Amino acid sequence: MRVISGIYKGRKLKSSQNLLIRPTTDRVKEYIFNILQNFPVDKVAVDIFSGSGSLGIESLSRGAKKVFFVDNSNLSLNVLKNNLKSIQIPDEKYQVLQSDAIKFAQKNSQYFDLYFLDPPFKYSPLQILLDSLFKNAILTTESIVILVKKGHHAN
C-alpha cells in the first residue's frame, strides 16, 4: 500500500496484521481520485473509518488543506499515527479523533468539503450514519461524500 500521487507519492503506508483493519486498496484509491481530480486541493476532508489513513493521506498528498481522521479503534489509530509520523505530515495538516462514526456525524459542527466513508464489510448501521450526515446542516450542496461499500460478490 502506498501514496499514489502528489507530494507524498510513492511513500509506503503500513497496515495492521489484524484482518479487521482492511486498508483501501491502491486500485480503489486510484479510481476515487481519478474521479475527484483536483477537487481535494485547498479543501477540508474527513476520513471516517480512517483505519490506516489511506484515503485521508492521499488527499493531503494531493493538496488538501486539512484532514480529520475519525476511527473508534485504538489499533487503527496507532497504525494511522505511525503512518502520519513516518510520512512526516505536519501536525497542522490533520487532526485525529477517536469516535464512533455515528456519534461523530451526530455531534459534528465542523464544515467539510469532502467526506470519505470506508466502513467495515458488515457495518449494519450504515443507513443511520448516512441519515445522520445528511441531516447535519454542515453538509452542503458543495460537499462530496465518497462511500466505499464492499460486499460479497457472486461467483
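Miscellaneous remarks
- Candidate aspartates and glutamates for bridging to LYS65, where Cα separation is under 14 Å - those fewer than 8 sequence places away on the same chain excluded: ASP42, ASP47, ASP91, GLU92, ASP113
- Modelled label positions at ILE7 and LYS135, each set 7 Å beyond Cα in the direction of Cβ, lie 3.8 nm from each other.
- By DSSP, the beta bridges lying fully in the range 1-153 are antiparallel in about 5 percent of cases.
- Spin-label model, SER124 to GLN37: label points 7 Å out along the Cα-to-beta-carbon direction sit 4.2 nm apart.
- Distances between placed amide hydrogens fall under 5 Å for TYR94 paired with VAL67, all partners being 5 or more residues away or on another chain.
- Lys/Arg +1, Asp/Glu -1 at C-beta; the chain dipole; positive extreme among GLN37, GLY10, LEU147: GLY10
- Under the simplified labelling scheme, the LEU147-GLN98 pair shows an inter-label distance of 2.9 nm, with each label point 7 Å from Cα along Cα→Cβ.
- About its Cα centre, the dipole of the chain is roughly 420 debye, where the only charges are +1 on Lys and Arg Cβ and -1 on Asp and Glu Cβ.
- The fraction of accessible area contributed by carbon and sulfur in the range 1-103 is 47 percent, rounded to a whole number (1.4 Å probe; ligands and nucleic acids excluded).
- For the range 51-66, Karplus couplings with θ = phi - 60° (6.51, -1.76, 1.60), whole Hz, Gly/Pro x: x, 6, x, 3, 6, x, 5, 4, 4, 4, 4, 9, x, 4, 5, 7
- Those lysines that a straight Cα-Cα span of less than 26 Å connects to LYS66, excepting residues fewer than 8 apart in one chain: LYS9, LYS12, LYS14, LYS29, LYS43, LYS81, LYS85, LYS93, LYS103, LYS107, LYS135, LYS149
- Summed over the residues of the range 1-108 and divided among them, the accessible surface reaches 53 Å² per residue at a probe radius of 1.4 Å.
- Positive-pole candidate from ILE89, ASN72, ALA105, dipole of the range 1-115, charges at beta carbon: ILE89
- Under-5 Å amide H pairs with SER73, H placed in peptide plane, nonlocal only: none
The values are calculated or read from the model by the stated rules, or taken from the named source; none is laboratory data. Just so it is clear, the model here is predicted, and its values are computed rather than measured. Cβ coordinates were reconstructed from backbone atoms using ideal geometry, including for glycine residues, and neighbour counts include every protein chain displayed. Just the protein is used for accessible areas: all its heavy atoms, side chains included, with ligands, DNA and RNA removed. Shrake-Rupley method; radii C 1.70, N 1.55, O 1.52, S 1.80 Å.
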